[in-house]
1. List the relative contact order of the chain as a percent without decimals, with contacts defined as Cα pairs under 8 Å and 6+ residues apart.
2. If you keep only loop residues by DSSP, which trypsin sites (Lys or Arg not before Pro) in region 47-117 have at most 16 other Cβ atoms within 10 Å of their Cβ?
3. Could you list 37, 27, 43 so that the one with the fewest beta carbons within 10 Å of its beta carbon is first and the one with the most is last?
4. Can you list, by residue number, the Cys in the chain that have no neighbouring cysteine C-beta under 4.7 Å?
5. For region 151-221, state what percent of all Cα-Cα pairs lands in each successive 10 Å bin, counting from 0 Å until the bin that includes the largest distance.
6. At 0.36 nm per residue, and after removing the present C-alpha to C-alpha distance, how many nm does the segment from residue 82 to residue 168 gain when stretched out fully?
7. Note the listed values (i) 30, 19, 18; (ii) 36, 21, 17; (iii) 36, 18, 13, then indicate which one is semi-axes √(5λ) of the Cα gyration tensor in Å calculated from this particular structure.
8. Between residue 199 and residue 44, what is 0.36 nm times their sequence separation minus the Cα-Cα distance? Round to one decimal in nm.
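Coordinate-derived values only; no laboratory data. Everything numeric in this text was worked out from a predicted model, so none of it was measured. Backbone-built Cβ (ideal geometry, glycine too); neighbour counts: all protein chains shown.
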Amino acid sequence: MRFLLSSIFYRSPFQNLQRHADKVRECAQMFKRAAECHIKDHCAEFETLTDEVARLESEADAIKRNIRNHLPRGILMPVDKFEFFQYLREQDKVLDEVEEALFWLSFRPSSVPSEIVEEFMALVDAVIPPIEKLSDLVRMATDYFRSGSEKQRAKMKSLIRDIRQHEKEADILERELKQKIFMNIKETLAVFHLIRLAEIVGSIADHAENASDRMRAMIAR
């Protein structure tokens, strides 16, 4: 009976968690394209890409609400419910921060100053891999909780370490970008805006790492 109840779980909450993760993954390259578009003056595609990210965020929110509202109270889960919902929260925060970063980009009528374009795009590039890897992590978790395979668990731990490494690299690039902003940008309001933008972009990788940490807790023995 325990196995049958677990099978029900796999066909419901984890299936929707995968749908949510796929929405997050879908926004990754869209975010990069929008950032590249914005640094080119008069890029007509920026608003379209921003709207697409907003659409994905709205669809992901609907999936999140569905998971929260339709998880039976007495269901037997292979993981702690609190950790499961913490994972979902952090994964959802990734999309929230992507959308927020694009909003902050849109506040500037002109593009990112040429003095910091290289460092800014390096930071954007650095946060893309951890976003994309979350979808793989959920897929591997679904297989692991179904099979209990130690080999699959080891693969998950390796992927989690990769996400942590990406976050560390993004953190370094964020600090370097901030330093470059202070050294090269003189206008006070521009400095504030660009520093905050760097922090928001960096937080995308932070939340991806937080999600992977929650997953690590779920597979801990």
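1. Numbers: 248 pairs, mean separation 68.2, N = 221.
Value for the chain: 31 percent.
2. Numbers: sites: 55, 64, 65, 68, 73, 81, 89, 93; in loops: 73.
Here the sparse-neighbourhood loop sites are 73.
3. On the way: 37 19, 27 27, 43 16.
Fewest-to-most Cβ neighbours within 10 Å comes out as 43, 37, 27.
4. Lone cysteines by the Cβ rule: 27.
5. Percent of Cα pairs in each bin: 20, 36, 23, 14, 7, 1.
6. Numbers: separation 86, 0.36 × 86 = 30.96 nm, distance 2.64 nm.
Separation in residues times 0.36 nm, less the Cα-Cα distance, equals 28.3 nm.
7. (iii)
8. Numbers: separation 155, 0.36 × 155 = 55.80 nm, distance 2.58 nm.
Using 0.36 nm per residue and subtracting the Cα-Cα distance, I get 53.2 nm.
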